[in-house]
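The values are calculated or read from the model by the stated rules, or taken from the named source; none is laboratory data. Here the structure is a predicted model, which is why all the values come from computation and not from measurement. Note that each Cβ is placed from the backbone with ideal geometry, even for glycine, and that neighbours are counted across all protein chains shown. Accessible surface is based on the protein model in full, side chains and every heavy atom, while ligands, DNA and RNA are left aside. Shrake-Rupley method; radii C 1.70, N 1.55, O 1.52, S 1.80 Å.
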There are 2 protein chains.
Amino acid sequence: MSTKESSRDKLIKTASRLFQLQGYHGTGLNHILKESGAPKGSLYYHFPNGKEQLAVESVQLTAEFVRNQIQRGMDKKTDAIEAIQEFIKGMAEQFHTDDSQQGVPIATVALETALTNEPIREACQNGYESFQQVFTEKLLQSGYEERRARELGIVINSIIEGAFMLSFTMGSNEPLLLAAKNIPALLK
Amino acid sequence: MSTKESSRDKLIKTASRLFQLQGYHGTGLNHILKESGAPKGSLYYHFPNGKEQLAVESVQLTAEFVRNQIQRGMDKKTDAIEAIQEFIKGMAEQFHTDDSQQGVPIATVALETALTNEPIREACQNGYESFQQVFTEKLLQSGYEERRARELGIVINSIIEGAFMLSFTMGSNEPLLLAAKNIPALLK
DNA sequence: GTCTATAGCTCGATAGAC
DNA sequence: GTCTATCGAGCTATAGAC
């Protein structure tokens, strides 16, 4: 069970990175195979449903990774406002220091496929809901009322995704920095 | 000048729609040619730089259209907060009544190409800056200080883009509605 | 579990007649 | 300005040996 997952894992990890960088349609299976070093014959053995299955599991892996990052961010401060603000600031700082460019998680694939591929769209939706859940729980712990906490979880998700996308497109972390700056007003 | 632009215009309009729906890599030139009804031979006559040029001009056309929509929204109310709030509500209402699904403008192409195609990325950036400019001007007219108005223009852009993308992915207009609801807190 | 080979298709782009 | 024909490459997916 441990060694036999090796090729499979390499494929998923490489696919996650490339899908995030170049999108679903912009990334070919041959490219993924070549970069992962996995043998071509094993792709359809591990992923009988081909590219679609690979994308669904890649999105799930990416979502899990991001969710953990958010969770760690929330654990750093007891106050929800501070925690969220610091988390976004961290994203902004990491934005250009990270020399390995990495695209916007989930969103790139989501926008391409939401109208044409239901399993992939669903995986993206589940990912986003898991992010929102972490924010909402943090707000609940800080005393926000349940309905309000759920709503704000969605709004925070929106502003982070939008600011990330803008920062990515503009090549500047300013949108992320301004999002962080204006979080307190939003959560008042 | 009027009839000779016909094929060109059809190509750009069709390309704008398809790129928005399926992304840059997910949309083939043959598909665009077929849907537009334009003759294949004329594509490289009107767009010597091929697909890239078609994408750049498509993004510009989409950006101009969206910018005008925003501008019309801002003109509907004198108060900036009300105007922006109503504009987002309008997006939310239009979200599912519009039977012709249409994707998220600019963002889909931007995320796919920002790291790999500079001319297209630049066109997307210019589009986003033109949106922000409209919000900023509205805030200036409502008495916000210049620096603050510019910052809030970016933040509003972020939250709208993020909420739109989430609504699109989730298949629900809730993120847009919640964005609208929380705009006043942000602009206080 | 892995490998090669290849089918069958679509892609973007070009050439050259008209 | 338009059209056909076609190139070379890449794509997803499958077949079948090992």
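Among A:171, A:28, A:41, which one moves the most in a GNM of chain A with springs linking Cα atoms closer than 10 Å? In the Gaussian network model the winner is A:41.
Mean sequence separation of contacting Cα pairs (under 8 Å, at least six apart), scaled by the length of chain B, corresponds to a relative contact order of 25 percent. The rotation axis taking chain B to chain A passes closest to the C-beta of one chain B residue; that residue and the distance in whole Å read B:162, 1. Fully extending the segment from residue B:75 to residue B:40, taken as 0.36 nm per residue of separation minus the present Cα-Cα distance, adds 8.4 nm.
Helix B:50-75 against the longest principal axis of chain B: what's the angle in degrees, Cα atoms only, rounded to the nearest 10? Roughly 30 degrees between the two axes.
Accessible surface area normalised per residue over the stretch A:52-187 is 41 Å², counting heavy atoms of protein chains with a 1.4 Å rolling probe. Within the stretch A:52-187, the ratio Rg/Rh, alpha carbon atoms throughout and Rh by Kirkwood, equals 0.97. Have a look at B:179, B:106, B:127 and report the one farthest towards the positive end of the charge dipole of the stretch B:55-187, computed about the Cα centre with Cβ charges (Lys/Arg +1, Asp/Glu -1). The listed residue farthest towards the positive side: B:179. Once the other residues with Cβ under 14 Å from the Cβ of residue A:128 are scored (Lys, Arg +1; Asp, Glu -1), what is the net sum? Charge balance in the 14 Å sphere: -2. Length, then width, then depth: along the principal axes, the Cα atoms of the stretch A:14-95 run 51, 21, 20 Å. All C-alpha pair distances within the stretch B:118-188, sorted into 10 Å bins from zero, spread as 20, 41, 32, 7 percent across the bins.
The slack between residue A:82 and residue A:147, meaning 0.36 nm per residue of separation minus the straight C-alpha distance, is 21.3 nm. Share of Cα-Cα pairs in the protein assembly as shown beyond 39 Å, in percent? Summing the P(r) of the protein assembly as shown above 39 Å gives 17 percent of all pairs. Taking 12 Å as the straight-line reach from the Cα of residue A:138, the aspartates and glutamates in range (excluding those fewer than 8 positions away in the same chain) are A:75, A:79, A:82, A:146.
When the helices of chain A are scored as -39500 (n - 2.57) per DSSP H run of n ≥ 4 and the total is divided over every residue, the value at 222 nm lands at -26000 deg cm²/dmol.
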